[in-house]
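Asker: Below are the structure tokens for one structure; questions will follow.
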Amino acid sequence: MLTKLRVAPLVLILDVIGLVSAFYLIQFIRLEGSVNIDSTSMLLITVLVLSVEYLSDTYSIETYGSIYNVSFRAIIGVVISGLLISIYLYARGPFINESPLFWRSVLPFSLMAFAVWAGLCRAIVSKIFRDMQTHQRWLVLANSTHAEQLADDFKKIKSPGELVLFPDIYGDVSGDKHSTVTMETLKGIEDSLLEDRVSGVIIATDRAFNTESLNKLMHFRLQGLKIYDIAEFYEELWSKVPIFHVEDGWFIRAAGFGLIHHKVAMNIKRAVDLIMAISVFILTAPLLLFVAVLIMLDSRGPALYIQDRTGVKGKTFRLYKFRTMKQDAEKNGAKWASENDPRVTTAGKFLRKSRIDELPQLWNVIIGDMSFIGPRPERPGFVKKLEEKIPYYDMRHLVKPGITGWAQVMYRYGSSVEDAIEKLQYDIFYIKNYSLILDLVITMKTLRVIVWGSGR
């Protein structure tokens, strides 16, 4: 089964094969049977093309719901790559004669051949993936509360496939943790396994399993059937931790959370933060000055907006951002920004879309108040209210807040308690599963957000 973890690597491998093969083929034709591939130039072309394809969102699982959308994006990505390479060659001048890869009779035709390949591959993978997702069936053993919440989430996230609930498990004994799940309960699952294809079984009940039932579940798993507890299901399918489906005991047993346990990991993260923050600060210094002047010309008030936010261990710090709202935007009290917020200035709309308004937070990273990647820092007033309404909300303060983060790239801008709940689930997933690879993925996704202007 093609899952969200397998589609991107598969398409990436197909792209590498297709791109290298296209250049070999066109050179073979152009040089009449001879091939002269410069490995350094081929590597540079490959990295550039694949990077543009990533920023064009053609490796994202979400784009594979539409065959035409993902294929069109792939072709546009190749066109952009060709333009960038042409600009580079024009600037280098005589360099174009050093490698046949850059000849006018090789480069454009090779990219055209790859564009056809990339479009067809994505169309085929998209069709296969969509068909497989549509036919997924998940069998759910759950008490009434978990079953209803899971069904609501499944519908809200518009996940393909179907949930098959077994209501007989949670009739009059849904709250009785001392009763057991018997073979009679599992009979319905066994019948479903025989009747149709099943993607897996989700266990979301507080009731214990008797010995016979445990043996049957073990038999199912050893026969190749995936069996998840509800938290594992959320993590694998949606990359978040379901805070309403877990209890304190889960946090004791669950693997992960290495970032808060190992000082070495935290020190490495801090070193990477400093290197990235100082580098980006130096590279964007002219842009920072230009934006500051633009803000002051666009509306009355200072260029920077300084605000108290809640950081690691609940400590308050002063956060720096470019001002994107009118100077008196919060004269009636603090409130979340909304879509098409009238308080946002003309320049502010562009700064928010491009995320340029976040750049002054580089200083917060340099002085140690923030990390490059982590939960979004929230205002103390909002934090106090959210902690009263949302379980485990204070867990996001176990690590430093970030300029960007898993919740920021996986979910839209939050402007309600419901949004805060969703983002918290992604934040806990990040804290639990932290790695340098995950940070790299978040960085690439952030670049994609900037390119497509999906901020607010």
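Asker: Looking only at helices (runs of 4 or more DSSP H) that lie completely in region 339-418, which have at least 2 residues being more than 30 Å from D298 (Cβ to Cβ) and free of Cβ contacts under 8 Å to residues at least 12 places away in the same chain?
Answerer: 380-389
Asker: What pairs come up if the first residue lies in region 70-88 and is over 13 Å from F102 (Cβ atoms), the second is of a type in the set (D, E) and assigned to a helix (DSSP H, G or I), and their beta carbons are under 7 Å apart, counting only those six or more places apart or on different chains?
Answerer: As it stands, the answer is A74/E53; G77/E53, since those pairs meet every condition given.
Asker: Out of (1) open to solvent by less than 70 Å² (accessible area, probe 1.4 Å); (2) part of a helix (DSSP H, G or I); (3) closer than 30 Å to G224 by Cβ; (4) at pLDDT below 85, the odd one out for N69 is which?
Answerer: (3)
Asker: Any chance region 197-219 includes a residue that's at pLDDT 85 or above and assigned to a helix (DSSP H, G or I)?
Answerer: Scanning region 197-219, I find at least one residue that is at pLDDT 85 or above and assigned to a helix (DSSP H, G or I), so the answer is yes.
Asker: For region 213-267, enumerate the residues that are touching a Lys or Arg at 6+ places or on another chain (Cβ under 6 Å) and of a type in the set (D, E).
Answerer: none
Asker: Is it true that some residue in region 387-401 is crowded, with 16+ Cβ neighbours inside 10 Å and within 19 Å of R355 (Cα to Cα)?
Answerer: Scanning region 387-401 turns up at least one residue that is crowded, with 16+ Cβ neighbours inside 10 Å and within 19 Å of R355 (Cα to Cα).
Asker: What pairs come up if the first residue lies in region 249-264 and is farther than 17 Å from D206 by Cβ, the second is open to solvent by 30 Å² or more (accessible area, probe 1.4 Å), and their beta carbons are under 7 Å apart, counting only those six or more places apart or on different chains?
Answerer: G256/N433; G258/Y434; L259/M266; L259/Y434; I260/L398
Asker: Within region 392-409, is there a residue that is touching a strand residue (DSSP E or B) at 6+ places or on another chain (Cβ under 9 Å), modelled with pLDDT of 90 or more and of a type in the set (S, T, N, Q)?
Answerer: yes
Asker: Only one of these is within 18 Å of the chain's Cα centre (by Cα) and at pLDDT 80 or above: T46, T58, T63. Name it. Explain how you work it out, then say what you get.
Answerer: Working: T46 fails: within 18 Å of the chain's Cα centre (by Cα); T63 fails: at pLDDT 80 or above.
The conditions single out T58.
Asker: Any chance you could count how many residues in region 230-267 are outside any helix (DSSP H, G or I) and either open to solvent by 60 Å² or more (accessible area, probe 1.4 Å) or out of contact with any strand residue (DSSP E or B) (no Cβ under 7 Å at 6 or more places or on another chain) (or both)?
Answerer: Adding up the residues that qualify gives 14.
Asker: Here is a further query. Give the residues of region 419-456 that are over 21 Å from V312 (Cα atoms), of a type in the set (K, R) and in a helix (DSSP H, G or I), sorted by residue number.
Answerer: K445, R448
Asker: Could you count how many residues in region 126-172 are at pLDDT 75 or above, in a helix (DSSP H, G or I) and β-branched (V, I, T)?
Answerer: Here the count works out to 1.
Asker: If you don't mind, there's one more thing I want to ask. Here are some conditions: (1) open to solvent by 20 Å² or more (accessible area, probe 1.4 Å); (2) in contact with a strand residue (DSSP E or B) (Cβ under 7 Å, 6 or more places away or on another chain). G374 meets all but one. Which one does it not meet?
Answerer: (1)
Asker: Kindly establish whether V344 is surrounded by 16 or more Cβ atoms within 10 Å (Cβ to Cβ), over 21 Å from the mean Cα position of the chain (by Cα), under 18 Å from I275 (Cα atoms) and of a type outside the set (G, A, S).
Answerer: Details: surrounded by 16 or more Cβ atoms within 10 Å (Cβ to Cβ): yes; over 21 Å from the mean Cα position of the chain (by Cα): yes; under 18 Å from I275 (Cα atoms): no; of a type outside the set (G, A, S): yes.
Spelling it out, it is not the case that V344 is surrounded by 16 or more Cβ atoms within 10 Å (Cβ to Cβ), over 21 Å from the mean Cα position of the chain (by Cα), under 18 Å from I275 (Cα atoms) and of a type outside the set (G, A, S).
Asker: Can you name the residue in region 1-29 that is more than 17 Å from G119 (Cα to Cα) and among the polar types (S, T, N, Q) and, of all such residues, is modelled with the highest pLDDT?
Answerer: Q27
Asker: Could you check region 271-322 and list, in sequence order, the residues that are assigned to a helix (DSSP H, G or I) and small (G, A, S)?
Answerer: Residues of region 271-322 that are assigned to a helix (DSSP H, G or I), as a first pass: 271-283, 285-298, 312-314.
Scanning region 271-322 gives A271, A277, S279, A285, A292, G314.
The values are calculated or read from the model by the stated rules, or taken from the named source; none is laboratory data. Every value quoted in this text rests on a predicted model; they were computed, and no experiment measured them. All Cβ positions, even for glycine, are placed from backbone atoms using ideal geometry, and neighbour counts span all protein chains on display. We work out accessible area using only protein heavy atoms, side chains counted, and drop any ligands, DNA or RNA first. Shrake-Rupley method; radii C 1.70, N 1.55, O 1.52, S 1.80 Å.
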